[in-house]
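S.K.: Quick one: structure below, then a few questions.
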């Protein structure tokens, strides 16, 4: 006991990172996610072939020395498509999380901070968006952005419309959480102290409230990334997201599902990749929650 | 009196749902007198509950609120669709202007927006959502009514499966806290949450339809057809419910009144059912509201994979076809289900925890 008292004191963040490092499954997941990000970023150098190169004399082959995971119905190398798919899926998931974080936290912070009638109106709008089916909302936004012709580049165009669809559908959850957190933090004594020495509202919001609610928001963000991956693959699976020849895990699952009966190897690879990634994000999210907020341990 | 009724009503409700499910799942009529009796008990108990707890005005105001929300959703969707770039009848090949004019006249699209809006809202009051733009001459109400049964059946079976597996698994895991069983169950549940439906479903089909040829892979016409889709759709909610239940049971077990209950010599079962379960179901209920709406309005992926003639296809096809009346119809239907299930959950809240006041 006396030993632990003599240890140098740790800050809240150091303490959290220490707790996170002790959590084995969370650390393994973190390394896996870092590995995945590296693969996604350097897809061009890692993938043995391009995602759209077709080998018409080698279609629908099983795994072999030349094509490690086999080829699809147009003779495209499955491993390369999986690697490029990781790139697309991760890009969509991460950017969506960032965009929805920005919109959601600004909206939620304003709503929670000003309270009263502003809060009521803003939350009613959120409720309204909640009662429209997510899928309808996402497809609507996508239809709008598809008809806008913002970019020449087809890859960029496909990416923007799906990014917008996903972020506009997912910022609402973040806005609710941030509002709840701000409402709680607003009542804290340090806010009162800051007010009493004459700090301006925006200064307090930026300097005191936002740093104090970052923990739960980061956790939520870690849980938001896998759900974005899922939604992107839902859309692609339904044929509404990215289209071939672009590759994402949803596109690959869709193609694999069509040929599942005769060529099961086409569905197994993207399924395993997606399952592993979602596992890693869930474990990391749980680990982060335990580390930042030990009281919340075990809750959802 | 009211406490006895409250105690009776919930088992009666469970029994009622179970009998209904078994009847429709296996496709035969079973015990209609029991069904009538339990139904009467539930209705009577509910009426007494509403009367005694004086929540008449509460329910009345909730209905008005629900009504206003639906109105707002209808207005919002209507305006959103009108400001969308492009019209529902734009095609690759431009039609002659006379034809476009006729189409606009037929669907009243040449009238000013406020008039169209008025007509639409007036129609909604009589449950007339207009005619489809895509399936010419078919009323939306008819299309929705036709595809609702399959979706609702699928949803209810999955919901029941989720609760039947999720709650016992959660309680079991909590009772073996940090032991092997707990770890194993939580590993399964995290897999259930992490695995997407379109991974689970093909794997189930590969195993049960292609490998062992036990079950049919597609369609919706009998007990054997229900099993795979219900399993695939129920996995994820079951896993989430298991995690929620476990966490909340762990919290409840640690509280003082459980210690007291044990100390005064109550049996384990009595403690479990009277104190632990009742108190730990609150977080699970919170999750149930949106879950019910999500499941009842159909799962897009499952219905597509298993070729189930349900609602979900309308959610996707209506938007891609720009079938405006159908989009409005499915949106309003979804909102109505969501609002109703949230209201039910709120009433159940105060049933499980009388400290929560409805006002």
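S.K.: If you go through segment B:113-122 one residue at a time, do you hit one that is within 14 Å of chain A (Cβ to nearest Cβ), loosely packed, with under 12 Cβ neighbours inside 10 Å and modelled with pLDDT of 75 or more?
M.R.: No, that holds for no residue.
S.K.: Run down B:285, B:272 and say which single residue is farther than 18 Å from residue B:177 by Cβ and modelled with pLDDT under 85.
M.R.: Unique residue meeting the criteria: B:285.
S.K.: For segment A:235-255, enumerate the residues that are surrounded by fewer than 24 Cβ atoms within 10 Å (Cβ to Cβ) and free of Cβ contacts under 8 Å to residues at least 40 places away in the same chain.
M.R.: A:238, A:239, A:244, A:254, listed by residue number.
S.K.: State whether one or more residues within segment A:158-172 are free of Cβ contacts under 8 Å to residues at least 12 places away in the same chain and within 12 Å of chain B (Cβ to nearest Cβ).
M.R.: No, segment A:158-172 contains no residue that is free of Cβ contacts under 8 Å to residues at least 12 places away in the same chain and within 12 Å of chain B (Cβ to nearest Cβ).
S.K.: In addition: Out of segment A:240-260, which residues are at pLDDT below 80, under 14 Å from residue A:165 (Cβ atoms) and within 10 Å of chain B (Cβ to nearest Cβ)?
M.R.: The answer is A:240, and nothing else.
S.K.: So if I check each of A:230, A:288, A:221, which one is within 24 Å of residue B:198 (Cβ to Cβ) and either facing another protein chain (nearest Cβ under 9 Å) or touching a residue at least 60 places away in the same chain (Cβ under 8 Å) (or both)?
M.R.: Going through A:230, A:288, A:221 in turn, the sole match is A:230.
S.K.: Taking segment B:170-181 on its own, how many of its residues are surrounded by fewer than 18 Cβ atoms within 10 Å (Cβ to Cβ) and within 11 Å of chain A (Cβ to nearest Cβ)?
M.R.: So the count comes out to 2.
S.K.: Quick one: which of B:326, B:333, B:272, B:281 is within 30 Å of residue B:123 (Cα to Cα), in contact with a helix residue (DSSP H, G or I) (Cβ under 9 Å, 6 or more places away or on another chain), surrounded by 16 or more Cβ atoms within 10 Å (Cβ to Cβ) and more than 10 Å from chain A (Cβ to nearest Cβ)?
M.R.: B:326
S.K.: Which residues, counting only those in segment B:306-320, are in contact with a helix residue (DSSP H, G or I) (Cβ under 9 Å, 6 or more places away or on another chain) and more than 7 Å from chain A (Cβ to nearest Cβ)?
M.R.: Of everything in segment B:306-320, those that are in contact with a helix residue (DSSP H, G or I) (Cβ under 9 Å, 6 or more places away or on another chain) and more than 7 Å from chain A (Cβ to nearest Cβ) turn out to be B:306, B:308, B:309, B:310, B:311, B:312, B:313, B:314, B:317, B:318.
S.K.: Would it be correct to say that residue A:149 is outside any helix (DSSP H, G or I), within 14 Å of chain B (Cβ to nearest Cβ) and surrounded by fewer than 18 Cβ atoms within 10 Å (Cβ to Cβ)?
M.R.: So residue A:149 fits the description; yes.
S.K.: What tally of residues in segment A:137-157 results from selecting those that are in contact (Cβ under 8 Å) with a residue 40 or more places away in the chain and touching a helix residue (DSSP H, G or I) at 6+ places or on another chain (Cβ under 8 Å)?
M.R.: The qualifying residues number 3.
S.K.: Right, here's the next one. Do we have residue A:191 as within 19 Å of the chain's Cα centre (by Cα) and more than 14 Å from chain B (Cβ to nearest Cβ) here?
M.R.: No, not satisfied.
S.K.: Identify all residues within segment B:277-326 that are closer than 17 Å to residue B:156 by Cβ and not in a helix (DSSP H, G or I); write none if there are none.
M.R.: B:297, B:298, B:299, B:306, B:308, B:309, B:310, B:311
S.K.: Can you say whether residue B:230 is in contact (Cβ under 8 Å) with a residue 60 or more places away in the chain, assigned to a helix (DSSP H, G or I) and more than 14 Å from every other protein chain (Cβ to nearest Cβ), as far as the supplied structure shows?
M.R.: Criteria met by residue B:230.
S.K.: Within segment B:239-269, which residues are part of a helix (DSSP H, G or I), exposed (fewer than 13 other Cβ atoms within 10 Å of the Cβ) and modelled with pLDDT of 85 or more?
M.R.: Scanning segment B:239-269 gives B:256, B:257, B:259, B:260, B:263.
S.K.: Looking at B:38, B:77, which one is surrounded by 12 or more Cβ atoms within 10 Å (Cβ to Cβ) and within 14 Å of another protein chain (Cβ to nearest Cβ)?
M.R.: Result of the check over B:38, B:77: B:77.
S.K.: Moving to a separate point now. Would you check which residues across segment A:263-272 are touching a residue at least 24 places away in the same chain (Cβ under 8 Å) and in a loop (DSSP other than H, G, I, E, B) and list them?
M.R.: If the condition is that a residue be touching a residue at least 24 places away in the same chain (Cβ under 8 Å) and in a loop (DSSP other than H, G, I, E, B), then A:263 is the only one that fits.
S.K.: Still on this structure, please answer the following. Tell me which residues, restricted to segment B:155-169, are surrounded by 17 or more Cβ atoms within 10 Å (Cβ to Cβ) and either within 21 Å of the chain's Cα centre (by Cα) or modelled with pLDDT under 90 (or both).
M.R.: B:155, B:156, B:157, B:158, B:159, B:160, B:161, B:162, B:163, B:165, B:166, B:167
S.K.: Of all residues in segment A:178-215, count the ones that are closer than 30 Å to residue A:279 by Cβ and surrounded by fewer than 19 Cβ atoms within 10 Å (Cβ to Cβ).
M.R.: Residues meeting the conditions: 2.
The values are calculated or read from the model by the stated rules, or taken from the named source; none is laboratory data. All figures in this text were calculated on a predicted structure; none of them were measured in a lab. All Cβ positions, even for glycine, are placed from backbone atoms using ideal geometry, and neighbour counts span all protein chains on display.
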